[in-house]
Amino acid sequence: MRGHLPARDHGGMDPAPAPYTIRINGHLGVTVLSAFPAMAPNHHGAHTVLAGQLDRPALYGVLAAIEALGLDLLEVRRLTPDRESPGSGDSCSPRRPLPSGASMSLREGAAP
């Protein structure tokens, strides 16, 4: 009987903290924002953008809180070192794709 080899790292997410912006549909109030103490909120048009340094467990925790609160997640963006502030969402803002296995789909009908 053959033993199993350890799983190889296929370029998964870097465990070190990285700057992220998370775009949520609507303006979040103070009570809902209190669920995200590590994130700085900003309102951009009809959306709320949360920005902050997150490692993998913190990112998953924020995403779980968004789901548990029933919020409409529009975008998760890992910022590059030369771009550490939330963009306006226009198609000209530079984007760095999430590592393989970490891609997220936008809600149906939303522009990428």
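Could you look through the stretch 26-69, keep only residues that are of a type in the set (Gly, Ala, Ser) and assigned to a loop (DSSP other than H, G, I, E, B), and pick out the one that is farthest from Thr80 (Cα to Cα)?
Gly29
List pairs: first in the stretch 28-52 and modelled with pLDDT under 95, second surrounded by 10 or more Cβ atoms within 10 Å (Cβ to Cβ) and part of a strand (DSSP E or B), Cβ under 6 Å, 6+ apart or cross-chain? Pairs found: Ala38/Gly52.
Among residues of the stretch 16-33 being closer than 14 Å to Val49 by Cα and of a type in the set (Ser, Thr, Tyr), the one that is surrounded by the most Cβ atoms within 10 Å (Cβ to Cβ) is Thr21.
The numbered conditions (1) at pLDDT below 95; (2) hydroxyl-bearing (Ser, Thr, Tyr); (3) out of contact with any Gly (no Cβ under 8 Å at 6 or more places or on another chain) are all true for Ser93 except (3).
Do you know which residues across the stretch 19-60 are farther than 17 Å from Leu74 by Cβ and of a type in the set (Phe, Trp, Tyr)? Within the stretch 19-60, Tyr60 is the sole residue that qualifies. Does Val76 satisfy being under 10 Å from the mean Cα position of the chain (by Cα), within 10 Å of Arg23 (Cα to Cα) and of a type in the set (Val, Ile, Thr)? When the stated conditions are applied, Val76 passes them.
The values are calculated or read from the model by the stated rules, or taken from the named source; none is laboratory data. The model shown is predicted, which means the values in this text are computed figures rather than measured ones. Methodologically, a virtual Cβ is constructed for each residue, glycine included, from the backbone with ideal geometry; neighbour enumeration extends over all protein chains shown.
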